[in-house]
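Mind having a look at this structure? Questions to follow.
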2 protein chains.
Amino acid sequence: MKKIVNDPEYVVRDMLEGLIAAHPDTLKQIPETTVVARKDAPIDNKVGIVSGGGSGHEPAHAGYIGDGMLDAAVCGEVFTSPTPDQVLEGIKAADGGAGVFLIIKNYTGDVMNFDMAAEMAEAEGIDVEKVVVNDDVAVEDSASTTGRRGIAGTIFVHKIAGAKAAAGGSLQEVKDIAEKVTGNVRSMGMALTPCTVPAAGEPSFSLNEDEMEIGIGIHGESGIEKKEVTSANEIAEELTNNVLEDIEFNHGDDVALIVNGMGATPEMELYILNKKVNEILVERGLNIYKTLVGNYMTALEMSGCSVTLLKLDEEMKSLLDAESSAPAYNI
Amino acid sequence: MKKIVNDPEYVVRDMLEGLIAAHPDTLKQIPETTVVARKDAPIDNKVGIVSGGGSGHEPAHAGYIGDGMLDAAVCGEVFTSPTPDQVLEGIKAADGGAGVFLIIKNYTGDVMNFDMAAEMAEAEGIDVEKVVVNDDVAVEDSASTTGRRGIAGTIFVHKIAGAKAAAGGSLQEVKDIAEKVTGNVRSMGMALTPCTVPAAGEPSFSLNEDEMEIGIGIHGESGIEKKEVTSANEIAEELTNNVLEDIEFNHGDDVALIVNGMGATPEMELYILNKKVNEILVERGLNIYKTLVGNYMTALEMSGCSVTLLKLDEEMKSLLDAESSAPAYNI
């Protein structure tokens, strides 16, 4: 295992210290927790937006903390859900009196622990609502999910729900728009190489030198098939067509697109992929309203990519366009 | 070679199409060239800022095009200098009548070709000035340089010279501040894994499973030594101390820091590194005015990092703080 780490058991602790050191004016760590929050959180009378999950998906989720996106991110151990206690701390950090909204990727552990934390917070008098993101069209169920997994489409939920809250939306209004996003966002990924959880020391799966895996999850969970590496154009077609088939798109629809890197993919390759994805969408008569290309939801040093499409309406477009100070949402 | 590409001979062409497709409102490609420019370039009466070099270092340099940074980037083939003709097209694209300033990384090919393009532009009546960035303290000369190599410190030159031009600085004023930056910026890098130029198909060097290379360049050029992989803390100490020793820092000096990923390094590891770099700088009595952590100047899918320090004065601080719309300068 080749990594720039100290003790593999303490990578999350070390990372959080390094993160706060890099953003001392905008971020804070809640003492004795793995919760990162806006330095000025909680914001009075604004719905607090909280996400999180296992670490190893950086910049998700702490990189999306900022005005117009998240108020707090709860960071679990690598690829491991944060405990309900930690999530509760995140909720408290984000609670400015107008309620707290949880954005949860659909993994059994995350859903259970965020739900439990929501109950604990409600018991303390904090209104909590949530959305579960399940944008990955690759598999219906998996070892760690009932139903589809939540992957890079989560970033659009962060952005749009966050903008709604920043614009003064109520907890119910934030929930409504977040559900509209999850209902209209779909993704699919692939990998060329595996990744290694630092504390495990060995890759969690393997791929031959000429092999890729289509439909893989962001923890290296099995996808649809392993097969010979094809061209960027064929990868773009397979991912994009699977996404397009899963939801009804009409000629002239506005869409937002993420061509996401899994961690070790050169930006050059993501742009090469984007060329073809763009061509496919234009051929289908879709209007690409916004494109994000880069590392938005990663799996440590996995090499690979995912394609995310969000079907937009006027409200989503306007919220997507709103300013955000979150450093990882760089568009 | 596992890559998301089509024909390895056309990766730059494909990348540029995908890049323009992602940023249709802000970027344009100059027809029949590998020059990417601001869509609204040239800006009347503003000094045009042009950089470039071999591709494979994304987001450098096209990701730094935007208000307050570059007007155009000239993209060579992978790890290959763009030709003088191409650089001339970049200069013309950026020329708004107030002259054009070239930011060149110190590689023999780049320096020669940008110089030749500058002469050609001068012959056409465009005032051109330049700076050569040579921030890498690892080696004094190399196979592809006379003197030190230019690496991630170039980003600070883009930012500060770009802000000076955006603020209405003259060509001479832009040159003066750019020279002040290059005089005060130092970097050093390391790698855990090699990278493969697509058209070559094989890695340009190799490292054993337990080995890293200290002082490596952004094309995999030899550094100071190959040795057993150490901890993040030891890597941080070796890189940071070498940088600190090369320039006089005084107690209380303001510095700007880049903890840069080489392409395949998880953000988690960069933050772990930043924790220790931060501690070292604080111990030395330096005031960390700004920190950038992420992939700013890469080497395809090389795994590794570099540390850059810029000693600041009031003018540099103010220009560093100025707004920029460049998508890759996300702070």
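The values are calculated or read from the model by the stated rules, or taken from the named source; none is laboratory data. This structure is a prediction, so every number in the text was calculated from the model and none was measured. Cβ: placed from backbone, ideal geometry, glycine included. Neighbour counts: every protein chain shown. In case anyone asks, the SASA skips ligands and DNA or RNA and just uses the protein heavy atoms, side chains included. Shrake-Rupley method; radii C 1.70, N 1.55, O 1.52, S 1.80 Å.
Test residue A:239 against the stated conditions and say whether it is crowded, with 17+ Cβ neighbours inside 10 Å, within 21 Å of the chain's Cα centre (by Cα) and within 12 Å of chain B (Cβ to nearest Cβ).
It is true that residue A:239 is crowded, with 17+ Cβ neighbours inside 10 Å, within 21 Å of the chain's Cα centre (by Cα) and within 12 Å of chain B (Cβ to nearest Cβ).
This table checks each residue for (1) farther than 18 Å from residue A:293 by Cα; (2) of a type outside the set (D, E, K, R); (3) assigned by the TED database to the domain that holds residue B:301.
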{"position": "B:45", "(1), (2), (3)": "yes, yes, no"}
{"position": "B:48", "(1), (2), (3)": "yes, yes, no"}
{"position": "B:65", "(1), (2), (3)": "no, yes, no"}
{"position": "B:85", "(1), (2), (3)": "yes, no, no"}
{"position": "B:104", "(1), (2), (3)": "yes, yes, no"}
{"position": "B:112", "(1), (2), (3)": "yes, yes, no"}
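Restricted to the stretch A:209-223, and to residues that are assigned to a loop (DSSP other than H, G, I, E, B) and in contact with an Asp or Glu (Cβ under 8 Å, 6 or more places away or on another chain), which residue is surrounded by the fewest Cβ atoms within 10 Å (Cβ to Cβ)?
Step by step, filter the stretch A:209-223, then rank; the result is A:210.
Still on this structure, I have one more. Could you check residue B:263 against (1) touching a residue at least 40 places away in the same chain (Cβ under 8 Å); (2) in contact with a strand residue (DSSP E or B) (Cβ under 6 Å, 6 or more places away or on another chain); (3) closer than 17 Å to residue B:137 by Cβ and say which number it fails?
(3)
Suppose we keep only residues that are among the β-branched types (Val, Ile, Thr) and open to solvent by less than 10 Å² (accessible area, probe 1.4 Å) within the stretch A:299-331. Which one would you say is nearest to residue A:214 (Cα to Cα)?
In this case the residue turns out to be A:307.
Something else: For the stretch B:94-118, give me the residue count where each residue is among the aliphatic types (A, V, I, L, M), open to solvent by 10 Å² or more (accessible area, probe 1.4 Å) and touching a Gly at 6+ places or on another chain (Cβ under 9 Å).
Number of matching residues: 1.
Still on this structure: Filter the stretch A:242-275 down to the residues that are open to solvent by 20 Å² or more (accessible area, probe 1.4 Å), farther than 24 Å from residue B:79 by Cβ and part of a helix (DSSP H, G or I) and list them by number.
Answer for the stretch A:242-275, where residues must be open to solvent by 20 Å² or more (accessible area, probe 1.4 Å), farther than 24 Å from residue B:79 by Cβ and part of a helix (DSSP H, G or I): A:242, A:245.
For the stretch B:31-44: of the residues being open to solvent by less than 30 Å² (accessible area, probe 1.4 Å) and of a type outside the set (Ser, Thr, Tyr), which is nearest to the other protein chains (Cβ to nearest Cβ)?
This residue is B:36.
For residue B:117, only one of the following conditions fails: (1) part of a strand (DSSP E or B); (2) more than 17 Å from residue B:161 (Cα to Cα). What is its number?
(1)
Taking the stretch A:45-60 as the region of interest, how many residues are open to solvent by less than 10 Å² (accessible area, probe 1.4 Å) and under 23 Å from residue A:97 (Cα atoms)?
6
Checking residue B:229 against (1) more than 9 Å from every other protein chain (Cβ to nearest Cβ); (2) over 23 Å from residue B:330 (Cβ atoms); (3) touching a strand residue (DSSP E or B) at 6+ places or on another chain (Cβ under 6 Å): exactly one of these is not met. Which one?
Unmet for residue B:229, out of (1) more than 9 Å from every other protein chain (Cβ to nearest Cβ); (2) over 23 Å from residue B:330 (Cβ atoms); (3) touching a strand residue (DSSP E or B) at 6+ places or on another chain (Cβ under 6 Å): (1).
Continuing with the same structure: Which residue, of B:78, B:131, is in contact with a helix residue (DSSP H, G or I) (Cβ under 7 Å, 6 or more places away or on another chain) and more than 14 Å from chain A (Cβ to nearest Cβ)?
Criteria check complete, one pass: B:131.
Do you know which of the residues in the stretch B:291-317 that are assigned to a helix (DSSP H, G or I) and touching a residue at least 60 places away in the same chain (Cβ under 8 Å) is nearest to the other protein chains (Cβ to nearest Cβ)?
Checked the stretch B:291-317; the qualifying residue nearest to the other protein chains (Cβ to nearest Cβ) is B:317.
Looking at A:157, A:131, which is the one that is closer than 17 Å to residue A:187 by Cβ and assigned to a helix (DSSP H, G or I)?
A:157
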